[in-house]
Amino acid sequence: MIINLAMKSHLFPQTPLLIITTTFLFAVTSFASDKPRKAPPTKPANEYAAFDAHPNEKVTVAVEPCDDPKDCDFFRLPYIQHGFIPVRVIFTNDSDTALSLDDARMQFISINNDKIPAATDDDIQRRLFSTKGAAGKKYPLPLPLPPITVHDKPVDKQITHDEEDFGFKSTTVNPHSTLAGYLFYDVRQLNDHPLKGAELYIKMVNTLPDKDGNKKQLFDFNIPFDKWLAAQSSQKPAASTP
């Protein structure tokens, strides 16, 4: 997009060179700061504080939210400060049959029964960089030519890189394996303690189709975040008595 802007600069010489320079420097800075990042190692789902185990189906699902930026500073962007709760969802499949998450629905259910789906990349971009930034900046051309739109591409890359590094690498949970990924939930409209009394509700997890095309839907999973909150409280040092 910088190249296109430079190619058309002779059509609108009133556009300051500073705009082009600033856009270029922003792109270079974002690229230079985008170093490889790693989330904490994934454990089997039943080793987390909050999980729901289905012994008959031999599948366990756990959640590990992050409500403090210091605890998930591997992200490239300040999601928590902008009203999102990152939630790591961990699937452990101890059965002999592979599972599919293609049709799965993973909803954040608040204490007031608000049903919040996982945010899309567009949802995150609109919040973090404003509607104006997501829509791009328009630069006028001499009439009758329409204005051109310049998008801040490095912004999109930060979001998509986080998704590539920390999201689900696949929608298939192989037998005797664990698959995990982060999802982001927009809780800005909830109270100051959105995790309290809330849960993650997961439905429509299926087995992969067999040779006859048949598949089985697993029972729904309900994982209360209060389990995670209780574990966090127990890990905090007790206040000393004077």
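The values are calculated or read from the model by the stated rules, or taken from the named source; none is laboratory data. Keep in mind that this is a model prediction, so the values were computed, not measured. Cβ atoms come from the backbone with ideal geometry, glycine included; neighbour counts cover every protein chain shown. Note: areas computed on protein heavy atoms with side chains; ligands, DNA, RNA excluded. Shrake-Rupley method; radii C 1.70, N 1.55, O 1.52, S 1.80 Å.
For the reader, a short list of remarks on this structure follows.
- Qualifying residue in the stretch 212-219 (condition: at pLDDT 95 or above and open to solvent by less than 60 Å² (accessible area, probe 1.4 Å)): yes
- Cβ pairs under 6 Å, 6+ apart, first in the stretch 62-74 and touching a residue at least 12 places away in the same chain (Cβ under 8 Å) and open to solvent by less than 20 Å² (accessible area, probe 1.4 Å), second of a type outside the set (A, V, I, L, M) and not in a loop (DSSP other than H, G, I, E, B): A62/F51; C66/C72; C66/P86; C72/P86
- Residue within the stretch 40-54 that is assigned to a loop (DSSP other than H, G, I, E, B), hydroxyl-bearing (S, T, Y) and at pLDDT 95 or above present: yes
- Members of the stretch 84-106 that are closer than 17 Å to A198 by Cα and surrounded by fewer than 17 Cβ atoms within 10 Å (Cβ to Cβ): R105
- Matching residues in the stretch 188-214 - criterion: being under 21 Å from the mean Cα position of the chain (by Cα) and part of a loop (DSSP other than H, G, I, E, B): R188, Q189, L190, N191, D192, H193, P194, L195, K196, A198, M204, V205
- Residue count for the stretch 155-195 satisfying the condition of being at pLDDT below 95, surrounded by 17 or more Cβ atoms within 10 Å (Cβ to Cβ) and either farther than 19 Å from I85 by Cα or hydrophobic (A, V, I, L, M, F, W, C) (or both): 3.
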